[in-house]
Amino acid sequence: MKKINVNELKSNQILARAVVNENENILLYEGARIKKEHIQKLIENDVKEVYIQDIIPKDAKVYQIEDIERESVEVIKDIVENRINMEIESEEDIGIITETAVNIIRDVVLNVDVSNCMIEVKRKSDDLYSHMLSVASLSVIMGIKLGFSENRLRDIAIGALLHDIGLCEVTVPFFDVEMDRMPAADKLYFRRHVITGYEKVQKIKWINETVKMIVLSHHERIDGSGYPFHKTAEKIQPEVRLVAICDHFDEMVNGIGYKKHKIYEVVEYFRTNEAYMFDYELMTQILTTIAWFPNGSKVYTNDGEIGIVLKQNRGLPDRPVIQIIQTSDGTGCRAKNIVKDLTECLTVFITGTTE
């Protein structure tokens, strides 16, 4: 890393150390990618110098979201089922929810090199609370990567932790079920979960409007095709837009209102069917940060080979490093240790997975 004057900063450079103001508030987290508005923010806060990364490695560190969830599922379950009440609030409830959100941020800051990581989103059992935590974790990681402030990250984390509380009361089947194929009454009932969730948090004074809007509007789309109010881009806050993408990605992978899909299938769906429904910059950042083919996956290539994904290449989720274990004629070749880095083998492409 190297120290440079703020006036010399350029867009897309990556912070090597967090920037803290004189009040000890974090302005930008380590790993944030610099934008013009960040430079202006640093100047306004009288920050003279910052540290940036001068060498960016090719290989990406892989981070599994569930690593920071194991101890939090029961906490969020207790919050949602027993503590959230629009008539009653307590300091204990405030502390538990805020602490859970802060812990997610802290664990990401301590354990994730956001400037050089690929995130693995795993398919797991039907568990709504794990989904809510996954969305919170992914949203926080992306928020840090995008340079969101400490306060905005906290709003994002709390909002994502609570975004599907209305779904906890839905009794029609929605796991591994396509919402658009539900009976009309069931579909309407399912979609109403955003209203139900908002009603739960609307009167709680310590929950701010950004968090409430995440609960209410995480199914809105910037082209106006979402619900419940068909809001368009200018009426959807950036924090809501971010959680909306992370939520929809995890929904499709884990089958919440959708049939379960493989990760690379969800990526293709985002890039084609839903390319105009989400904030383009946010969507691009997420799709280049998530590992399309997680380490250990068995994959098919266009040459008819079968390989195992060994590691990821930074920013190129469709071009990992694979070890060939079977040739196109069905011959096993694990012992030959044939390794192909797809950033170098330019005519080789992954066409699918065996799972």
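Every read-out reported here was derived from the displayed coordinates using simple, explicitly stated rules and does not represent laboratory data. Nothing here was measured: the structure is a model prediction, and the numbers come from that model. Reconstructed Cβ throughout: ideal geometry from the backbone, glycine too, with neighbour counts over all protein chains shown.
Numbers below:
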item	result
For the chain, share of DSSP beta bridges that run antiparallel, in % to the nearest 5	85
5 angstrom amide H check on LEU27, placed H, neighbours 5+ away	VAL19, VAL20, ASN21
Residue among ILE105, ILE144, ILE308 with the largest mean-square fluctuation in a Gaussian network model of the chain, springs linking Cα atoms under 10 Å	ILE308
q = 0.16, 0.25, 0.26 Å⁻¹: log10 I(q)/I(0) that the Debye formula gives for the stretch 2-52, counting C-alpha atoms only	-0.35, -0.93, -1.02
FRET E, pair THR331, VAL102, Förster distance 45 Å, beta-carbon r, rounded to 0.05	0.25
Top of PRO320, PRO183, PRO294 by mean-square fluctuation, Gaussian network on the chain, Cα under 10 Å	PRO183
Estimated distance in nm for a label pair at ASP78 and ASN273, the labels positioned 7 Å out from Cα along Cα-to-Cβ	3.9
Choice from ILE119, ILE43, ILE286 showing the highest fluctuation, given a GNM over the chain with Cα pairs closer than 10 Å	ILE43
Gain upon complete extension [TYR280, ILE55; 0.36 nm per residue less C-alpha separation]	78.2 nm
Sum of side-chain charges, LYS145 neighbourhood, beta-carbon under 12 Å (Lys, Arg +1; Asp, Glu -1)	-1
Whole-Hz ³J(HN,Hα) from phi, Karplus 6.51 cos²θ - 1.76 cosθ + 1.60, for the stretch 273-289, glycine and proline x	4, 10, 4, 9, 8, 10, 4, 4, 4, 5, 4, 4, 4, 5, 5, 9, 9
Label point distance in nm, LYS235-TYR300, each placed 7 Å from Cα along Cα→Cβ	4.5
Loop-resident sites, the stretch 273-346, for GluC sites (Glu not before Pro), counting at most 15 other Cβ within 10 Å (DSSP)	GLU344
Net +/- balance of residues flanking SER11 in space, Cβ distance below 11 Å, scoring K and R +1, D and E -1	+3
Calculated on alpha-carbon atoms, Rg and Dmax of the chain in Å	21.3, 67
